[in-house]
Amino acid sequence: MCVLYCVRSLKLAISRLKEEVMESKTRTKSPEDLAEGKYERIFVSSLVRPDEVGVKFDNVGALDHVKKVLNELVILPMKRPDLFSSGLLRPCKGLLLFGPPGTGKTLLAKALATEAGANFINVTSASLTSKWYGEDEKLITALFSFARKISPVIIFLDEVDGLLGGRGKSSETSRTIRNEFMMFWDGLTSNDSHRILILGATNRPFDLDEPILRRMPRRVYVDLPNAENRLKILKVLLTDQENLESGFSFEQLAHATDGYSGSDLKNLCVAAAYRPVEELLQEESKEGGRVDGGVSTLRPLKLDDFIHSKAKVGPSVLENSFKLREWNDQYGEGGSRRKRRFGFDLNLNKQMFDDERAREK
Ligand code: ADP
């Protein structure tokens, strides 16, 4: 009995040792060396290593609650898998960031990779679609096998509705991609999900159907910034980068930019920063051109530059903002779905079932 027990323990120890040796070999190899075959190599070009991403949470203005959720759901499990290996605390295999365009979803995804020390693969429809019959499946198989080798990794699906949508008309190819993707997604073991995260982003979450939503149980709303958050974003965009007049009022600018997304604010800042350049060039042309070797100094940026630039860069038009808030309330993190008596899916399921049947016809 005792001998049998010793042999079993020895076998277990040897197999663990083998796993560790394999893991340490993989750790020392570069992603280029780890990629096998032409399909895996395709994803090497869309891979960004954590030290190359170049964006941290500090570069994302506002969105503090989103950063907090991402910290709990992704960073902690990736950095401390030991705390999430048993019991109720499990890392999530899929997470959705949704909200109006330009609110910083892609920026957050990149910063998340840096903060979690994870590789980042940006997957688009183009990288999963091939013009050759049968190759789409091979690409998806390669994506997941490569991801396992280079984990920890975040597989980022920008515009996930277009890639895996499910609602409305879809072609044979997109159905194949979707089914194949979901099959591999389900195949991620709990061990993998400490190290591999499927992170989707979309402006149109209502185009995602039940099978996809089920695989993304955590859905975080990235909303348009209010005045307080616009102020935070402007500080990130302008501090250390631009020469501002003394006493520059961030508060006034934040209040003057109602409806602007983070991306609109960035574009407004660029337009404003161009005004002193324009003035200098005009000045120089009046004086008969720039003196060779002379050093040109730009005047500091004034609030007025931004106010004038609003005529060029306005807030993006938002067709779906009401629909997005409503969707968040129903299906998003912290939305009212928790208050529903019979779970969140009853009406949605019926609608989805009808859609599914309509598609099959
Ligand atoms: P989305 O993916 O939501 O459409 P992006 O992340 O692509 O938006 O944002 C586009 C650009 O707008 C970013 O690269 C960044 O320059 C700017 N931006 C958006 N949101 C923020 C933010 N919260 N803080 C700083 N910059 C932002």
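Go through segment 70-84 residue by residue and tally those that are away from the ligand (no atom under 15 Å from the Cβ) and under 15 Å from LEU199 (Cα atoms).
So the count comes out to 7.
Kindly evaluate VAL295 against the criterion of being modelled with pLDDT of 95 or more and surrounded by fewer than 16 Cβ atoms within 10 Å (Cβ to Cβ).
No; evaluated as a whole, the condition is false for this residue.
Looking at segment 46-58, I want the residues that are over 20 Å from LEU143 (Cβ atoms) and have a partner that is in a helix (DSSP H, G or I) and of a type in the set (D, E, K, R) with Cβ atoms under 7 Å, at least 6 apart or on another chain. Which pairs are those?
Sorted first by the residue in segment 46-58, then by its partner, the pairs are VAL55/LYS110; LYS56/GLU115; PHE57/LYS67; PHE57/GLU115.
Table: residues versus (1) away from the ligand (no atom under 11 Å from the Cβ); (2) modelled with pLDDT of 90 or more; (3) aromatic (Phe, Trp, Tyr).
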site	(1), (2), (3)
SER30	yes, no, no
VAL44	yes, yes, no
VAL60	no, yes, no
HIS65	yes, yes, no
LYS68	yes, yes, no
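Which of the helices (runs of 4 or more DSSP H) found entirely inside segment 160-259 contain at least 1 residues meeting this: buried (at least 18 other Cβ atoms within 10 Å of the Cβ) and either charged (D, E, K, R) or assigned by TED's automatic domain parsing to the domain that holds ALA147 (or both)?
160-164, 172-186, 210-215, 227-238
Name the residue that is nearest to the ligand (Cβ to nearest atom), counting only residues in segment 105-134 that are farther than 14 Å from SER46 by Cβ and touching a Pro at 6+ places or on another chain (Cβ under 8 Å).
Residue satisfying both the conditions and the ranking: THR114.
Taking ILE75 as the residue in question, decide whether it is assigned by TED's automatic domain parsing to the domain that holds ARG195 and in a strand (DSSP E or B).
Judged against the criteria, ILE75 is not a match.
Can you confirm whether ASP264 is closer than 14 Å to ILE307 by Cα, in contact (Cβ under 8 Å) with a residue 40 or more places away in the chain and assigned to a helix (DSSP H, G or I)?
For ASP264, the condition - closer than 14 Å to ILE307 by Cα, in contact (Cβ under 8 Å) with a residue 40 or more places away in the chain and assigned to a helix (DSSP H, G or I) - is met.
Just for segment 260-275: of the residues that are buried (at least 18 other Cβ atoms within 10 Å of the Cβ) and away from the ligand (no atom under 14 Å from the Cβ), which one is nearest to GLY104 (Cα to Cα)?
Result: ALA272.
Just for segment 85-104: of the residues that are more than 9 Å from the ligand (Cβ to nearest atom) and of a type in the set (A, V, I, L, M), which one is nearest to PHE146 (Cα to Cα)?
LEU95
The values are calculated or read from the model by the stated rules, or taken from the named source; none is laboratory data. Worth saying up front: this structure is predicted, and the values here are computed from it rather than measured. In this analysis, Cβ positions are derived from the backbone assuming ideal geometry, glycine residues included, and neighbour counts consider all displayed protein chains.
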